[in-house]
Amino acid sequence: MTIRALYHTVRGLQGLTAAERESTASRSIRRRLWLWRRGFVSQSDAVYDLDEASYEAYLTDYQRYVRTKRINGTWSVALSNKLLFHRVMQPFDDQRMAVYGMLRDGTFHAVDAGTMPSPREVTDGGSTVSAATDDDHGTATETHNAAQRVVERLEDEQRLVLKWVHGGGGNNVFLCTRTEDGYQVNDDHYTEAEFRSLVASLEEYLVCEFVEQGSFAAGLYPTTPNTIRLITMYDEVANEPFIAAAIQRIGTEASAPLDNFTQGGLSAAINLETGELGPGAQPPDGDGVERHLTHPDTGAPVEGVSVPGWDRIREQVLEMADACSFVPYIGWDVIVTGPDGEFSVIEANSYPGLKSIQVHGPLLADDRVRRFYERMDVC
């Protein structure tokens, strides 16, 4: 085993141990031992239908935390580093959300074209352009102060997303809104001074466009962004990617301001051929999974609703996965923004969580999926 593989194994085992500690499912020691020997944490017993006849069809928690981390190898950084992923996605600009800049050491570093500082005269013989004017001193300067640039951008945009360059799972994400008397960050109110202090404290965070979801996604639950998660795998025999599974995530009062399944959001399976949603599964508060034909908070229909322009979404995601064939395993998070299959990619994951997927059935029941995991030495 290489040092890199050993490192990922140790980190994966740490994640597996943490998942067991955080489980809310109450299980006897005897049942826990049965689960652990087969690679599952207690919470999975509350989500999956696990017994001697069925458990081998599920990708286990051990396989997810330890072995799927190795699939993309060194290229996993192309997904885990959100700024690098933004660059990798440059050929698909219509599906990229805007990234205005990155915050580091209290400084704002512009990222996308059109968000760069006003051109200024340089001293090394390069091109020269005019500069912005500092009203206090009358000198030609462009502020790189992180808090000032974010406040100015919020004045224009009204809403922004600040997300850590590293990590996933909805962690370290701030949804920022300009209000009449200050700012709202996720569910908390901030004065301007408090907000500036928060921004100044953030290290290696991206300042991103707040993607407005279309009427379909908003109709599912208007309070949160409601994202589609698609898992693509690259078939090395057929030399093409395929979609292994897709779900529509839907926020709830429990999960707000995000739509995460593990925080109480709904997961509705998407029929890969038709784009039609199944019932929304909600994770247990203890035991069992609740399945909702309509939204539990609003009554909006879930089962039977179809993703608009599904064929277009499916084809374009496959096109992007094909362009990233050197990264064979990707969990895509997208928001539907229009009525004809328009969408924006919010982020991608190198070893996506699987409970929100396998709550609808075991992945390894699909022979093509099983062959992929077997080739990648996951199972």
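Protection proxy ranking of 91-98, 314-321, by the mean of other Cβ atoms within 10 Å over each peptide's residues and highest first, is 314-321, 91-98.
Counting only C-alpha contacts under 8 Å and six or more residues apart, can you give the relative contact order of the stretch 297-379 as a whole percent? It rounds to 21 percent for the stretch 297-379.
Each Lys and Arg contributes +1 and each Asp and Glu -1, all at the Cβ; summed about the Cα centre of the stretch 1-115, the dipole is approximately 520 debye.
If each DSSP helix of 4+ residues adds -39,500 (n - 2.57) and the sum is divided by the residues in the chain, what number results at 222 nm, nearest 500 deg cm²/dmol? Computed mean residue ellipticity for the chain: -7500 deg cm²/dmol.
When the surface is traced with a 1.4 Å probe over the full set of protein chains, residue 28 keeps roughly 70 Å² accessible. Per atom type, the stretch 201-261 shows carbon and sulfur on 46% of its accessible surface, probed at 1.4 Å.
Between the amide H of residue 258 and any residue lying 5 or more places away or on another chain, no distance stays under 5 Å, with hydrogens modeled in the peptide plane.
In this structure the stretch 221-265 gives 32 Å² per residue of accessible area when probed at 1.4 Å with all protein chains present.
Roll a 1.4 Å probe over the protein chains and send me the accessible area per residue for the stretch 302-378 in Å².
Values: 2780 Å² over 77 residues.
With the other protein chains kept in place, the stretch 302-378 gives 36 Å² per residue.
When the residues 56, 180, 347, 157 are ordered by accessible surface, computed with a 1.4 Å probe over the protein chains alone, the sequence from largest down reads 180, 56, 157, 347.
The values are calculated or read from the model by the stated rules, or taken from the named source; none is laboratory data. It should be emphasised that the depicted structure is a prediction, and the values quoted were computed from it without experimental measurement. Note that we place each Cβ from the backbone using ideal geometry, even for glycine, and neighbour counts take in every protein chain shown. With ligands, DNA and RNA removed, areas are computed over all heavy atoms of the protein, side chains included. Shrake-Rupley method; radii C 1.70, N 1.55, O 1.52, S 1.80 Å.
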